[in-house]
1. Just checking, does segment 86-104 include any residue being hydrophobic (A, V, I, L, M, F, W, C), touching a helix residue (DSSP H, G or I) at 6+ places or on another chain (Cβ under 8 Å) and at pLDDT below 95?
2. So which of Tyr72, Tyr81 is surrounded by 14 or more Cβ atoms within 10 Å (Cβ to Cβ) and among the hydroxyl-bearing types (Ser, Thr, Tyr)?
3. Let me confirm something: among Thr96, Thr59, which residue is hydroxyl-bearing (Ser, Thr, Tyr) and over 21 Å from Arg137 (Cβ atoms)?
4. Quick one: which residue in Ile71, Ile66, Ile36 is touching a Leu at 6+ places or on another chain (Cβ under 9 Å) and at negative phi?
5. Here's a check for you: in segment 29-40, which residue that is touching an Asp or Glu at 6+ places or on another chain (Cβ under 8 Å) and part of a loop (DSSP other than H, G, I, E, B) is nearest to Thr59 (Cα to Cα)?
Amino acid sequence: MVGNIPLILCPAGVIILDNEKRVLLQHRTDNNTWGIPGGCIEPGETVEEAAKREVYEETGITVDEIELFNIYSGEEQHYTYPNGDEVYFINIVFITKRFQGDICLDEIESKDVRFFQIDDIPKEITPACIPVLRDLRCKIDTYFN
């Protein structure tokens, strides 16, 4: 589709938690905000493959087992990119504590990647990640019991 109507995009992302109950966030280059690693599913990929690929591309980290955290849609997933493109995401979010490797910035999509305590995350959050991190704040302890 072309023109000025909003498109529907389907990204997949992963909440990555370390043993200190910290969440990994990526400082994005496209909108200068922080969010969980993730991106759009490519044709022929499964949602899980896309989530794992995006995490690796953006952070250098390999995630092992992932489980579904939640699916987000609706007005909270409306976004206008800096270039004016308007979208509604159907945002599929996974969660894991199982990962390996060292953080390695791609410097194309990522300015910085680091772990934060859930109550000490930056204020500049990618709009589509606001409800994700809000839900994580309420549920984080359940992943450590």
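The values are calculated or read from the model by the stated rules, or taken from the named source; none is laboratory data. Predicted, not measured: the structure shown is a model, and the values here were computed from it. Neighbour counts run over all protein chains shown; Cβ positions are idealised from the backbone, glycine included.
1. There is at least one residue in segment 86-104 that is hydrophobic (A, V, I, L, M, F, W, C), touching a helix residue (DSSP H, G or I) at 6+ places or on another chain (Cβ under 8 Å) and at pLDDT below 95.
2. From the options Tyr72, Tyr81, the qualifying one is Tyr72.
3. From the options Thr96, Thr59, the qualifying one is Thr59.
4. Details: Ile71 fails: touching a Leu at 6+ places or on another chain (Cβ under 9 Å); Ile66 fails: touching a Leu at 6+ places or on another chain (Cβ under 9 Å).
Just a single option satisfies the conditions, and that option is Ile36.
5. That would be Pro37.
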